[in-house]
Amino acid sequence: MSDLTYRYALASAIEKNKDADSVFLSKFSEIQKENAPCFFWGKLNQPFITAKCLITLSAVVQSSFNLSTPILRDPIVTTGNEMIRFEGFSHCAGVYAKVDILPNGHDGEMLATDTTNVDFNPPMIAALGSFNKRSKVTLSVGKESVGVHYEGKNVIEKKVPLPEKWIKGLTSVQIYFADTELRHEFNTIQAIQLFRSIPKGKPKTDFYLIKRGNKALFSPVKTKNAICIGGIQRLRLIEQLVPLCDKMIVFAHPDMQSTTWQLYFGDIRFCLSISRENWRGFSGEGAALEALIEDIPDTLISNYDKLAYANHTFNPTLLAVETGLDLNKVNNLSAQLSAIGLLGYDLDDNAFFYRRLPFGLSRIMNLNPRLKGVEKLLENNKVQIISQEDGKVGARVEGSGVHHTVLLEGDKARCTCTWFSRHKGERGFCKHILATKKLIS
Amino acid sequence: MNNEEKIRYYVKKELVKKAQEFTDPLTNAELKELRPVIKELCKDLLTYQQLNKNTWGTKGTSKQYDILNHIGVYCLTKADFKKYCNIWHFERDYFKAKEIIETGKVSWLLNHIAKNHWYSYLELMDAKCSGYFEPEREELATSLANTISDYDYNAKPRVTYTPKNLEIHPESITEHIWYLFEYETNINHQDDQRYRRQEDTFDEPVWKYTFKQLIEKGKIDRIRLLKECLLTSNRNFNKVLSGWFYDLMLYLEPNNEEFIELQPELFNALSSQHSKIVNGVLKEFKKLYAHESFETQDFLDNTDFLLSSETKSIAVSTLMIFDKLVKKDKNLKDVLVEKSLMAFNSTFKDVQLRAAKFIAKYGDESNENLKDELSLYASDLFSESKAVLAEFISEEDQDALEENLYYEPVINVAEETRISELNDIDDLIYLASQSFDNNEPYHFDLLLQGLLDFQETLKEEENKVKLEPAIQRAFNLLMKGSNSQTGNLDKILANFFINYVQQILLTDKSETSIKFQKRFKKEKEEDDAYAKRSEWYNPVLVDLRKWKFRSHHKGTYHLPFLNILIFVFDLLREGKHQQLLSTPSHAPFWIEPLVLVERLIEYQQKNHTIFSYDLCLAIARCSMNETDTKPAYDLVQKELKGELKELMTYLLDKSAKFPELKNYEQALYQAYFNKKDRKEFEKIPAIKSIKKAGNYLGDIDYKVEIETYDTTDWDYKLRKSVPVQRQRKNLEIKEVELKDGLIDKLKMKRNRKQVTYDFINFGDYFYDDERNDLPRIISMFPNNSEIVFSRLVSRCFGHDWWEVNEEKIGNKIFEILMENPQNPLEAGHLMIACSLFAKPKSVKAYAAEYWSQLVSRDAINSNLIGEIIAKFQYIEYYPLKRFTDLINEQMMNLSQKHNTALLNTIEAAIPLMNNKPIKNTKKLLELYNELRLKACSNSLSEKVNLQLENWKSSGTLKKIIKQIQTA
């Protein structure tokens, strides 16, 4: 997978002054909404916790749990609606992390609402590590940079290429969030005790979050209602935050395709979501595929920026009314928009929020080989509808050397291919089902 | 000679130098003209051929390649050069590349090496100064780490210390040296190398020494260096490198004032994932705490994680600093007491005890908040800690442990586990396409029933086509081999399916049939060709009755399934429809008794022939829960007749007497083993006469002993092998011989008195296929799988050679048992006891979880587990630590009932263990003491006391034995 390479008009430069250092970093975005020089400037109310969360976020973005070599990657920042959200993925795209600084978590001004990429480089992380509970810290989120101003020093980050799998992951993970359910809530002691049961090393088998009596623990034993966690060692990323939290809530996808661990520290939240297995990134999952096969009206996309305010809760009805869309025609608007990087998901609010990733739609579409396969099947007329009655659609789709039978019945879909047999739709539908759906839509 | 002839001549004669001089005077146009001949020569010399009898290689020599490489770079395009020559040569030899670039004749080379190179630091800097490319920071760091040592393998010493390399470029010290602290390099290995070169007189660790020298010369800032060393602790470096940087800091011997200046970085280092660094920092804090500038509050901000650390020394050191801090400043008393509560999250007794003593000493007994906080930890406290904190914990909290753990009642037959029937042909098509994937154990049986039910509908042309994916999958499984999920049973199912399609379904002249028969012919030819090539290969596209597994599969467990396949195949050939008796009605392998009785009534009404293996399997899979058997029993009395009625009455009624049957003897025996009625065993001659019937009821003959064996050793003085005697720990299980001619299925006769147990033979080792078959093997007798348990002990669990497959088998068997628990007999107890000592933690954890469930259900004999453990530990067959760790982590304090069960287990084990204590006996006794204190047990059995007296002679055990005896 090739990286998305930023092309800067000018080289970044640092100008040193007596009072403060000023930094200019070149900018690059595929979608430029505003040209505000700075999004946020203000004081952090919980600098120690914020710093610990950002350090943990940096640990996530510079980690890798498959065979790829980890490289320090950029998180993205969204400011708006009095909130600042940092999001990032591990290099392997199997771990997603988000830090939310809620309205009372800062005392500053939102100068613009938008999303940008920023880099956390080693000096920046080191500077974060030196904050304590009594530190006075001002955070500035600029269009092109994030800087932490601390006792007269100024540490500024620089940008690096962002891998494409981030974009895919950032779209898929939101759709998984929308399906997740709250499963457990733990106080600090319970959370610490739970994390103590994480096995040492890198277990190859799945572990399960089970409750024995009043206690929760991780066990290799599969029991009824247990939450399944593959690659459990990834949870160690937040191990050091756990003793500091007020509570921890665990969310799980109904098919156990992902688990999400949200820590609460007053007005700061840290969210860690891990994919089903070590070697599986969110980027490789097919959650967004179904949403992407339906065409999204161009008017909606073009009007989106006028109506979207970063971090505000997404209201599909309002958007449809404003853009003159028939809501019935766009059944899963939220999923569609998040699949193309226009929405994020807030687990506490249980709602999507506006957040436009700075990448184009065509790029996202090109990233999904299964969608390309769908297009190819349709282009070559390999999908044949053989029956369509009472909401039941039967199709014959040409596969490799055989004809597969696809049956759509309401929300259910079946196919005779190996992919369907193996995953039962848990990792998104196969290309045969998607092609049939697209053909009849 | 023209240019082309010259090249051919130089290559033929291997004249490297001449060839190098040859290109200098040529113009670009002349060089371009030489492309065809270079390509031709390259192709020819790269030809792979047999060089002599045992060697294969390329035609050309290394000198000839050198010539072509040298001329080729001037003549060929980049793409052609990459294709025919060694482009990596220039990626590694910087000065060679530079020489060519300087000629100005090869335009692409500069761009190429800018992106692809493996140059040394000095070469990179030369490239930078020459304006070729700008090296990345990370590669500067990586190469710089190697730059102060020069290697020459022909010189003595081979490695020379060359710090002067750092002074060639000023930015090396002003800028690049700091990159070493930002990126992971092998700088630590450079220091290690001093050990490997004995002839080198320079004995200092080179990099540490260099840094010290640079500081002394005033070339780098000492404080910055110390800070950077500490900051590396959180940069995701590997453990060794992080430790090396910490050692570098210590090597520079910072004084207390410097450490005070470094406090922010030291606090930052407390978050390191490496315990060496955290321990090191805490060690410094033990010295610094008294300093007036020590930031106590900053330290306390970081102690929550330290106290709950999984590394004992970290938590202990933190508590030691607490002790010192409170002595220094009494005002910190309350905050330190509150902070120290975090230590109760630790499972280390010493940590808890230290924290308890701290709280008892400095805590305020009247502080209700403190008491409330402590009550949250009450159930996790060790008795000793609890005793120390008696004033702070109420009596109510003292007994915080629940009486028993709740496990849901075992329900085999429930609405949510009911297997959906195949309603139409589409259901069958989808099932068929995944039947060979082993997604569910019951898919095997469901497919057979589906083919019987829809055999007529399948003959319609439009439905035949729909079977294409299933046919392809069956072919793939047979011809291309298993995947990680499939087992041996899937192969015989695939063979059955192909036979059915080839001989019964697609035999007409339709397009689908012709296409299939063509493919079958092609695959069959390939299959036969394989068989001809290898004597180990048994053809897979053969008649079902001729099926043979590949040589490594020596088991016979597939035979009942194979017989049923043959039975169904015959029905399909004859076009008969019949409901199979053994098709599970509930996942994963259960048959609801009522459903079985209804099927039997239908058989009686329609006068169907009962196939004995089908009936045996059906009986074996029948759920024996009383709630399930009651309605079925009533229906039996009402509707069934004759011997079937007697058989089912015996099966469903616990108190029914063993009947005498003429027709269904096999099924009757199966019913007897289902009921696991060990008491009646001696009273029933028919059962007693069955060879090895006792083994089906869990009897297992085994011994654990130290065995002396003869072997040979190489004697270096005599330079020959000499015989020696050695000892090894051995587990010997007298395995039940079940052969009796059963291995050959053709010898099986329908009137033989055989039950499904008779087929449980495995090869010497378990393979993936057997593991994947395990749920279906258990499905042959889910009510009583003792024979499988004994086989698993002898093949996997008993011995200590755990490999990946054994671990997966261990996990799999317990996964099945967790959902479908059985009351274990002796073999079951042995399997559980051995698994509690398993090397893989997952198997051990599964065994402990299963043990917990059985304890809750009163289904396990703790004394028997203890006796088995003692038998193994008499010779320390497994490390005792595995068991004591497991008790600590997973088995203790689950409930009062579980603690009692553990106490009984240990109490039963101690008297039977060796009089000479083995390693970790102390830990076992500490746990025993803890369990006794928790249970408030004062009595000590005579046998246990006698053993304790024996062990008293061991100095390390004296104290704990005294505690036990005086408790």
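Quick notes on this structure:
- Hey, B:Ser420 assigned to a loop (DSSP other than H, G, I, E, B) and either without any contact (Cβ under 8 Å) to a residue 12 or more places away in the chain or more than 30 Å from B:Gln578 (Cβ to Cβ) (or both) or not: yes
- Answer residue from the range A:188-234, given it is assigned to a loop (DSSP other than H, G, I, E, B) and among the hydrophobic types (A, V, I, L, M, F, W, C) and is nearest to the other protein chains (Cβ to nearest Cβ) among those: A:Val221
- Evaluation of B:Tyr430 against the conditions (1) without any contact (Cβ under 8 Å) to a residue 24 or more places away in the chain; (2) of a type in the set (Ser, Thr, Tyr); (3) part of a helix (DSSP H, G or I); (4) away from chain A (no Cβ under 11 Å) shows that the sole unmet condition is (4).
- Test: residue in the range B:599-606 that is within 27 Å of B:Thr417 (Cβ to Cβ) and touching a helix residue (DSSP H, G or I) at 6+ places or on another chain (Cβ under 6 Å): yes
- Of the listed requirements (1) surrounded by fewer than 21 Cβ atoms within 10 Å (Cβ to Cβ); (2) more than 14 Å from chain A (Cβ to nearest Cβ), B:Met249 misses just one: (1).
- Screening B:Lys386 against (1) within 14 Å of another protein chain (Cβ to nearest Cβ); (2) not in a loop (DSSP other than H, G, I, E, B) leaves a single unmet condition, (1).
- B:Gln472 vs. criteria more than 29 Å from the chain's Cα centre (by Cα), under 23 Å from B:Asp768 (Cα atoms), part of a helix (DSSP H, G or I) and not assigned by TED's automatic domain parsing to the domain that holds B:His586: yes
- Scope the range B:303-315; condition assigned to a loop (DSSP other than H, G, I, E, B), buried (at least 20 other Cβ atoms within 10 Å of the Cβ) and within 9 Å of another protein chain (Cβ to nearest Cβ); matching residues: B:Ser308
- Candidates A:Ser22, A:Ser12 - the one that is at pLDDT below 50, polar (S, T, N, Q), assigned by TED's automatic domain parsing to the domain that holds A:Arg269 and under 20 Å from B:Glu182 (Cβ atoms): A:Ser12
- Among the residues of the range B:921-935, the one identified as among the hydroxyl-bearing types (Ser, Thr, Tyr) and either free of Cβ contacts under 8 Å to residues at least 12 places away in the same chain or more than 16 Å from B:Met891 (Cβ to Cβ) (or both) is B:Thr921.
- Conditions (1) in contact with a Leu (Cβ under 6 Å, 6 or more places away or on another chain); (2) free of Cβ contacts under 8 Å to residues at least 24 places away in the same chain; number of the one not met by B:Glu257: (1)
- Matching residues in the range B:883-920 - criterion: being within 14 Å of another protein chain (Cβ to nearest Cβ) and in contact (Cβ under 8 Å) with a residue 40 or more places away in the chain: B:Leu886, B:Asn888, B:Glu889, B:Gln890, B:Met891, B:Asn893, B:Leu894, B:Ser895, B:Gln896, B:Lys897, B:His898, B:Asn899
- Qualifying residue in the range B:356-374 (condition: within 14 Å of another protein chain (Cβ to nearest Cβ) and within 36 Å of the chain's Cα centre (by Cα)): no
- Where a residue in the range A:385-398 is in contact (Cβ under 8 Å) with a residue 24 or more places away in the chain and within 14 Å of another protein chain (Cβ to nearest Cβ) and its partner, wherever it lies, is surrounded by 11 or more Cβ atoms within 10 Å (Cβ to Cβ) and part of a loop (DSSP other than H, G, I, E, B), with Cβ under 8 Å and at least six apart: A:Val397/A:Lys382
- Any hit, the range B:870-877, residues being in contact with a strand residue (DSSP E or B) (Cβ under 7 Å, 6 or more places away or on another chain), surrounded by fewer than 23 Cβ atoms within 10 Å (Cβ to Cβ) and of a type in the set (Lys, Arg): yes
- Looking only at the range B:326-354, and only at residues there that are surrounded by 21 or more Cβ atoms within 10 Å (Cβ to Cβ) and away from chain A (no Cβ under 14 Å), the one that is nearest to the chain's Cα centre (by Cα): B:Arg354
- Selected residue (criterion: modelled with the highest pLDDT) from residues of the range B:190-203 that are surrounded by 14 or more Cβ atoms within 10 Å (Cβ to Cβ) and closer than 16 Å to B:Ala145 by Cα: B:Gln190
- Residues that are within 23 Å of B:Val388 (Cα to Cα) and either in a loop (DSSP other than H, G, I, E, B) or more than 33 Å from the chain's Cα centre (by Cα) (or both) within the range B:909-938 comprise B:Asn929, B:Arg932, B:Leu933, B:Lys934, B:Ala935, B:Cys936, B:Ser937, B:Asn938, listed in sequence order.
- Taking the listed residues B:Glu602, B:Glu646, the one that is acidic (Asp, Glu), surrounded by fewer than 24 Cβ atoms within 10 Å (Cβ to Cβ) and in contact with a Pro (Cβ under 6 Å, 6 or more places away or on another chain) is B:Glu646, with no other qualifying.
Let's see how each residue does on (1) exposed (fewer than 15 other Cβ atoms within 10 Å of the Cβ); (2) not assigned by TED's automatic domain parsing to the domain that holds B:Lys17:
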{"residue": "B:Phe81", "(1), (2)": "no, no"}
{"residue": "B:Phe90", "(1), (2)": "no, no"}
{"residue": "B:Lys105", "(1), (2)": "no, no"}
{"residue": "B:Cys129", "(1), (2)": "yes, yes"}
{"residue": "B:Pro135", "(1), (2)": "no, yes"}
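- In the range B:19-56, the qualifying residues are those that are of a type in the set (A, V, I, L, M) and not in a helix (DSSP H, G or I), and the one that is modelled with the highest pLDDT is B:Leu34.
- One residue alone among B:Leu300, B:Leu262, B:Leu288 is among the hydrophobic types (A, V, I, L, M, F, W, C) and away from every other protein chain (no Cβ under 14 Å), and that residue is B:Leu288.
- Extreme residue, farthest from the other protein chains (Cβ to nearest Cβ), among residues of the range B:272-285 that are surrounded by fewer than 19 Cβ atoms within 10 Å (Cβ to Cβ) and under 18 Å from A:Ile198 (Cβ atoms): B:Ser275
- B:Asn784 over 30 Å from B:Tyr664 (Cα atoms), buried (at least 20 other Cβ atoms within 10 Å of the Cβ), of a type in the set (S, T, N, Q) and away from chain A (no Cβ under 14 Å): no
- Any chance B:Val159 is buried (at least 18 other Cβ atoms within 10 Å of the Cβ), away from every other protein chain (no Cβ under 14 Å), farther than 26 Å from A:Ile125 by Cβ and at pLDDT below 80: yes
- Residue match in the range B:447-469 (condition: surrounded by 15 or more Cβ atoms within 10 Å (Cβ to Cβ), more than 10 Å from chain A (Cβ to nearest Cβ) and under 36 Å from the mean Cα position of the chain (by Cα)): yes
The values are calculated or read from the model by the stated rules, or taken from the named source; none is laboratory data. None of these values were measured; they are calculated from a predicted model. FYI the Cβ positions are ideal-geometry reconstructions off the backbone, even for glycines, and counts take in every protein chain you see.
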